[in-house]
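The values are calculated or read from the model by the stated rules, or taken from the named source; none is laboratory data. Quantities reported herein were computed from a predicted structural model and do not represent experimental measurements. Every residue, glycine among them, receives a Cβ derived from its backbone with ideal geometry; neighbour counts consider all protein chains shown. Quick note on the areas: whole protein, heavy atoms, side chains included, nothing else; ligands and nucleic acids left out. Shrake-Rupley method; radii C 1.70, N 1.55, O 1.52, S 1.80 Å.
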Amino acid sequence: MAYRNGVYVAFNGCNTTDPTKSDIKYFNILKAWDSSENIDFSFVNSHEKTSAVRDSSKITTLKSRLQARMRDSKNMLLIITEHSNANRGLLGWEIEQCVETYKLPIIVVYTMCSGRISSTNPYQKYWPERLKEFIDKDNVKSIHIPFKKEIVLRAINDFSVNNMPQYTTTIYSDSVYNQLGY
């Protein structure tokens, strides 16, 4: 098995190939943080570990490439927006594969949250159905955080296949937020 050091990033494609109308913009922010010499943010992007897939590729080709990326990943970073609960595209399949086949913890990142997360209750309405099912059945380990650079980096480094969150649904304590200046 390959060394599992990548971060598998997933988001709702919003049933479009237009990046301005898709949640891919948040993935692009992560990549911009990573590529900037002026920002302390670094991660191994699992999507760069295999060759690119064209929008016209067959679904079997796409799934095969995504599985190769998941196989080399240490965790899944799931970007949640107001569109995430729409059950379309491959997001539910990606969550299922990451949990059931590759046993990845999920870092659930909320773009609509500007401060600390003290409870997931206000955000559950945005969860994709497969995430909700896995959490309800206690079949996934997850940490829930705001889409903020320092805490995203902390979670990427804190949680992996070798260091799972303790509970199905975990949040950071106030002391972690204080350490990071929130």
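A 1.4 Å probe run over the stretch 34-145, with the rest of the protein chains in place, finds 50 Å² accessible per residue.
Simple point charges give the picture: +1 on the Cβ of Lys and Arg, -1 on the Cβ of Asp and Glu, and for the chain a dipole about the Cα centre of about 380 debye.
Most simply put, the chain has about 5% antiparallel DSSP beta bridges, counting only bridges with both residues inside it. Carbon-plus-sulfur accessible fraction, the chain (probe radius 1.4 Å, protein heavy atoms only): 45%. With the simple model of a label 7 Å out from the Cα in the direction of the Cβ, Lys31 to Thr101 spans 2.3 nm. Computed from Cα positions, the angle between helix 59-71 and the longest principal axis of the chain comes to roughly 40 degrees. Temperature 4 °C, viscosity 1.567 mPa s: under these conditions the Stokes-Einstein estimate for the chain, based on its Kirkwood radius over C-alpha pairs, is 78 µm² per second.
Taking every alpha-carbon pair under 8 Å whose residues sit at least 6 apart, the stretch 70-173 reaches a relative contact order of 34 percent. Only alpha carbons enter this Debye calculation for the stretch 57-133, each as an equal point scatterer, and the log10 of I(q)/I(0) it gives at q = 0.13, 0.20, 0.28 Å⁻¹ is -0.42, -0.92, -1.38.
Protection proxy ranking for 130-140, 70-80, 101-111, using the average of other Cβ atoms within 10 Å per residue and placing the highest first: 70-80, 101-111, 130-140. For the stretch 1-47, the fraction of alpha-carbon pairs lying more than 12 Å apart is 67 percent, rounded to a whole number.
Glu150 contributes about 80 Å² of solvent-accessible surface, heavy atoms of the protein only, 1.4 Å probe. Between the helical axis of 24-35 and the longest alpha-carbon principal axis of the chain there is an angle of about 70 degrees.
Accessible area ranking (1.4 Å probe, heavy atoms, ligands and nucleic acids excluded), largest first, for Tyr8, Tyr123: Tyr123, Tyr8. Computed over the chain, the per-residue total of -39500 (n - 2.57) for DSSP H runs of n ≥ 4 gives a 222 nm mean residue ellipticity of -8500 deg cm²/dmol, rounded to 500.
Summary value for the stretch 104-157: 57 percent relative contact order, contacts being C-alpha pairs under 8 angstrom separated by 6+ residues. Of all lysines in the structure, those lying under 20 Å Cα to Cα from Lys31, and not within fewer than 8 positions of it along the same chain, are Lys21, Lys49, Lys74, Lys148, Lys149.
Projecting the Cα positions of Leu30, Pro165, Asn45 onto the charge dipole of the chain (unit charges on Cβ atoms of Lys, Arg, Asp and Glu, taken about the Cα centre) puts Asn45 furthest along the positive direction. Scaled against 2.2 N^0.38 Å for its residue count N, the alpha carbon radius of gyration of the stretch 12-115 is 1.09. Shape analysis of the stretch 113-181 based on the Cα gyration tensor places the equivalent ellipsoid semi-axes at 20, 15, 10 Å, largest first.
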